[in-house]
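Here's the structure we're looking at; comments come further down.
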Amino acid sequence: MQYLKREIKDRILASAVDEFKEHGFANASIRNIANNAEISLGNIYRYFANKEALYFAVINPFMESVKQSIERDFIFKDKSMKDASEVLVKFLIQYCDQILIIRKGNSVHYETFINYIIEVVSAKIREMIEGEFPEIDEKIKNPDFYLAIADGFINSLFKVLHKDDAIEIQEQNIRELITFYFGHMKDRFYHFDLA
């Protein structure tokens, strides 16, 4: 009997993932989730108090797994910009669904999550530039420079991630943005006297 209860809860969660990914939190329908999970509407409320509780049951593990992956996999030390960008491409493709659900969801949780990612990416960008282009890093005086670059980069990435695009298209879109933001770094700082 316990197995059936776990199976029903898993079906609800799987259906909720699809519904939140497609419609976001505000427009998601508990009725659609129940229909797609092939259970009664009332049965959902035996497992989750309301739509918000169901949403948190979906996104909390997502946010935790994304954070763990960032801390584990975002090791760019001694990597070239190209190798570091490939780590980022793989990460974004792996967590595309989770990022889309969080992005379309409750704005408070989205903002907190995005600010966390921006801070991590900002530190990684600084680490890469310090390692590969110390002459550029030494000349940057704006204390918010790396945060501004990370913010623009992350928000641009989220705009090109689409659930319906093939993985190859998503990878291409991500690589184009990485190239735009980080390609030919020395040429981008032409106003500095870089020997």
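Restricting to segment 153-173, give me the number of residues that are crowded, with 16+ Cβ neighbours inside 10 Å and charged (D, E, K, R).
Residues that pass the stated criteria total 1.
Residue-by-condition table, conditions (1) assigned to a helix (DSSP H, G or I); (2) modelled with pLDDT of 90 or more; (3) farther than 30 Å from residue 122 by Cα; (4) small (Gly, Ala, Ser):
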| site | (1), (2), (3), (4) |
| --- | --- |
| 5 | yes, no, yes, no |
| 15 | yes, yes, yes, yes |
| 24 | yes, no, no, yes |
| 32 | yes, yes, yes, no |
| 44 | yes, yes, yes, no |
| 60 | yes, no, no, no |
| 64 | yes, no, no, no |
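Before we move on, is residue 165 of a type outside the set (Lys, Arg) and outside any helix (DSSP H, G or I)?
Details: of a type outside the set (Lys, Arg): yes; outside any helix (DSSP H, G or I): yes.
So residue 165 fits the description; yes.
Mind listing whichever residues of segment 2-56 are on the phi > 0 side of the Ramachandran plot and either surrounded by fewer than 16 Cβ atoms within 10 Å (Cβ to Cβ) or without any contact (Cβ under 8 Å) to a residue 24 or more places away in the chain (or both)?
So in segment 2-56, the residues on the phi > 0 side of the Ramachandran plot come out as 24, 38.
If the condition is that a residue be on the phi > 0 side of the Ramachandran plot and either surrounded by fewer than 16 Cβ atoms within 10 Å (Cβ to Cβ) or without any contact (Cβ under 8 Å) to a residue 24 or more places away in the chain (or both), then 38 is the only one that fits.
Scan segment 145-157 and report the pairs whose first residue is over 15 Å from residue 110 (Cα atoms) and whose second residue is part of a helix (DSSP H, G or I) and open to solvent by 40 Å² or more (accessible area, probe 1.4 Å), with Cβ atoms within less than 6 Å and a gap of 6+ or a chain change.
146/126; 153/181
Look at segment 96-126 and say how many of its residues are among the acidic types (Asp, Glu) and under 19 Å from residue 150 (Cβ atoms).
Looking only at that region, the number is 2.
The values are calculated or read from the model by the stated rules, or taken from the named source; none is laboratory data. Since this is a predicted model, take the numbers as computed values, not measurements. Note: ideal-geometry Cβ built from the backbone for every residue, glycine included; neighbour counts use all protein chains shown. Heavy atoms of the whole protein, side chains included, go into the accessibility calculation; ligands, DNA and RNA do not. Shrake-Rupley method; radii C 1.70, N 1.55, O 1.52, S 1.80 Å.
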